[in-house]
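In what follows, a structure is listed as structure tokens, so that the remarks can point back to it.
Computed from the coordinates by the stated procedures, all read-outs in this text should not be read as laboratory data. This structure is a prediction, so every number in the text was calculated from the model and none was measured. Cβ sites come from the backbone with ideal geometry, for glycine too, and all protein chains shown count toward neighbours.
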Amino acid sequence: MKIVILGGGNIGSLLIGDLGNNPELEIFLYTENFLIWKETIDVFDKDDNLLFSGELKKASNDKNLIFKDANIIISTLPSHIFPKVLKEIEDYISPKSILVVIPGSGGVEYLTDNLKKKDCIIIGFQRVHGIARIKEKGKSVYSLGKKDQLYISSVKKINKDYYKNLIEHLFNIKTIFLDNYLNITLTPSNPILHTTRLYSLFHNYKNENFKKNVLFYEEWNDASSNILLACDKELELLCNMISNYGLDQSSVQPLYKYYEANNPQAFTKKIKSIKAFQSILSPMIFLNDRYIPDFESRYFKEDFLFGLVIIKSCALLFEIETKNIDIVLKWFESIANITLYVDGIFSPDDELNLVLPHLLFSSKNDFISYYKQ
């Protein structure tokens, strides 16, 4: 089986190690930076013990070579990069092949119409299959913890048992197929977890003097938990409303349930205690004798416009009030120097080229019908 990986970051590197350790599979990597990649990727634990190695058949930017006869394409690209790369490669993807997107949020279902016409199968993961950090780019990666279960869904109706078993076989992790793809799109993992933490850290950064880079999780505080839980509750209201319309959203687990912490103090304690989150720095750069936010980082580029904005758009379609999500998005609007609100009304600038459910669908029923197809 020929598998192509899109994206050679943390998760992409781990996938090459994981899947490349299976002799049944041939692993290819599509990347512009192909010269740095070695024929094997070593996977280490956090204590620098070598766990195993995976074989990489070929890294290249040659679309004909990489995508010819590929059975499965797995994207680990950031959501803000995915649309551009997809346009570049979709003509080279064979009909009836499988596109797996990890994670599958960011509007994947709205971007893959051309692949659907080719009878391609589009599957999204609710969350990444594990936590990874690159040790040496193109050579090695740290595996910092795998999920006990994977939750997936497809953009259109498919043979759930077959594809569940396929993913389970590839990743060697128990896999559960969710009822509909909206359970992937509305998952609050990064869209709320990251954005609210960034807001809490940096909403007053111009008046603060950061003398060091803040640990993103280990120095988490109750202020971050407060805004997170408030936004989390608004998403929960949205999911309950959608479920009332007959589209089950019970698999969109609120963060307070996922982390088993339903008040700010408990949530702060829980986040700070997660070993896999330790030593992760905030997206900051050193400039003029102090640390400031790195607004070019994936945290900013991906999780607001391709995460929280989509949640807000769905909430608007279903007339759910989101005063806390609005606070976070209006702050992002100000620091990103973009237009998301006009006279207090959510109305993102067309030049942002965003996929917005409240504009794509003429009614709630059309939205529900789309995800039931």
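So here's what we get for this one:
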quantity	calculated
Packing-based ranking, highest mean first, of 172-181, 220-229, 123-132 given that Cβ atoms within 10 Å are counted	123-132, 220-229, 172-181
Efficiency of FRET between Glu219 and Asn337 - r from beta-carbon atoms, R0 22 angstrom, step 0.05	0.20
Over the chain: helical MRE at 222 nm, DSSP H runs n ≥ 4 each giving -39500 (n - 2.57), nearest 500	-10500 deg cm²/dmol
For the range 1-20 and the range 104-168, distance of Cα centres in Å	11
Which of Met284, Thr268, Ile368, positive extreme of dipole for the range 237-373 (C-beta unit charges)	Thr268
All aspartates and glutamates inside 17 Å of Lys117 as judged from Cα atoms, apart from same-chain residues fewer than 8 positions distant	Glu88, Glu90, Asp91, Glu109
Selection from Pro254, Pro293, Leu352, by position along the positive dipole direction of the range 231-373 (Cβ)	Pro254
Charged-residue dipole, Cβ positions (Lys, Arg, Asp, Glu), the range 199-287 about Cα centre, Debye nearest 20	360
Computed magnitude of the charge dipole of the chain (debye, nearest 20; Cβ of K, R +1, Cβ of D, E -1)	520
Loop-located trypsin sites (Lys or Arg not before Pro) in the range 210-276 whose Cβ has at most 12 other Cβ within 10 Å (DSSP)	Lys211, Lys212
Sparsely packed GluC sites (Glu not before Pro) within the range 1-75, loop by DSSP, other Cβ within 10 Å at most 12	Glu24, Glu32, Glu39
Span from the the range 52-73 Cα centroid across to the the range 308-342 one, whole angstrom	39
Among the listed pairs Lys57/Lys157; Lys147/Lys323; Lys174/Lys270; Lys257/Lys364; Lys164/Lys272; Lys63/Lys301, those beyond 29 Å (Cα-Cα)	Lys57/Lys157; Lys147/Lys323; Lys164/Lys272
Against the rule of thumb 2.2 N^0.38 Å, how large the Cα Rg of the chain comes out	0.98
Dipole of the range 1-155 [Lys/Arg +1, Asp/Glu -1 at C-beta], most positive-end residue of Pro23, Pro95, Leu111	Leu111
Whole-number percent relative contact order across the chain, with pairs defined as alpha carbons under 8 Å at least 6 apart	14
Per-pair calculated FRET efficiency, R0 = 35 Å: Phe286 and Asn71 via Cβ, rounded to 0.05	0.20
Asp45/Ser362 FRET efficiency (R0 41 Å; Cβ-Cβ; nearest 0.05)	0.20
